[in-house]
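A short write-up of the structure that comes next.
The values are calculated or read from the model by the stated rules, or taken from the named source; none is laboratory data. The shown structure was predicted, so the numbers you read here are calculated from the model rather than taken from an experiment. Glycine gets a Cβ as well: all are built from the backbone with ideal geometry, and neighbour counts include every protein chain shown.
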Amino acid sequence: MKIEKQKQNINHLFELIKDNPDLPIVPLVATECVHDDSYGYWLNKWGSAEIDEYYVEDGRFYLSDEFEELVDEWIDNNFQEYSDLTQEDLEDLAVEEVKKYDWIKAIVVCIEPA
């Protein structure tokens with residue numbers, strides 16, 4: 001059963017690559033995949049793959065489903081500068097600012113523990 005799922009995941013990844021040859025491929029490695037730094041490599045498995053957008057800031061990686069988290073962070077870091085705005089207007093401004101971030105469209109591949 002596990003081998004069959006691996007084949008499905010890999011075939012889906014190949015289809016995404018074939019249909020989107022210009023997109024970068026970004027592997028996301030689950031924390032559980034690396035137990036410690038005793039070895040240079042760890043055996044893991046192919047997980048799901050999908051087309052998504054990501055953004056990197058100060059070494060932190062955000063996927064598109066974390067957009068709201070970035071909006072909240074932007075508000076936390078800028079609310080004093082925009083104290084004359086209503087909460088709704090501040091949230092609208094934050095959404096527009098986060099949309100301007102350098103989002104990168106890519107094929108995102110999850111690497112999961114074996």
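The numbered conditions (1) within 30 Å of Lys5 (Cα to Cα); (2) surrounded by 15 or more Cβ atoms within 10 Å (Cβ to Cβ); (3) of a type outside the set (Ser, Thr, Tyr) are all true for Val98 except (1). Pairs linking a residue in the range 25-51 that is of a type in the set (A, V, I, L, M) to a residue that is surrounded by 15 or more Cβ atoms within 10 Å (Cβ to Cβ) and assigned to a loop (DSSP other than H, G, I, E, B), with Cβ atoms under 6 Å and 6 or more positions apart or on different chains, are Val34/Trp42. State the number of residues belonging to the range 97-114 that are outside any strand (DSSP E or B) and at pLDDT 95 or above. Total meeting the criteria: 7. The residues in the range 21-52 that are surrounded by fewer than 16 Cβ atoms within 10 Å (Cβ to Cβ) and either at positive phi or of a type in the set (Asp, Glu) (or both) can be counted, and the count is 5. Among the residues making up the range 18-49, a single one is at pLDDT below 95, of a type in the set (D, E, K, R), under 21 Å from Lys5 (Cα atoms) and not in a strand (DSSP E or B): Glu32.
Within the range 50-59, the residues that satisfy the criterion of being part of a strand (DSSP E or B) and within 18 Å of Asp102 (Cα to Cα) are Ile51, Asp52, Glu53, Tyr54, Tyr55, Val56, Glu57.
Counting only residues that are surrounded by 13 or more Cβ atoms within 10 Å (Cβ to Cβ) and over 30 Å from Val29 (Cβ atoms), the range 60-81 holds 3 of them. Selection over the range 60-96 of residues that are closer than 23 Å to Pro113 by Cα, free of Cβ contacts under 8 Å to residues at least 40 places away in the same chain and not in a helix (DSSP H, G or I) gives a count of 3.
Within the range 1-20, residues that are at negative phi and surrounded by 14 or more Cβ atoms within 10 Å (Cβ to Cβ) sit with their Cβ atoms under 8 Å from residues that are among the acidic types (Asp, Glu) and not in a helix (DSSP H, G or I), at 6+ positions apart or across chains, in these pairs: Leu16/Glu50.
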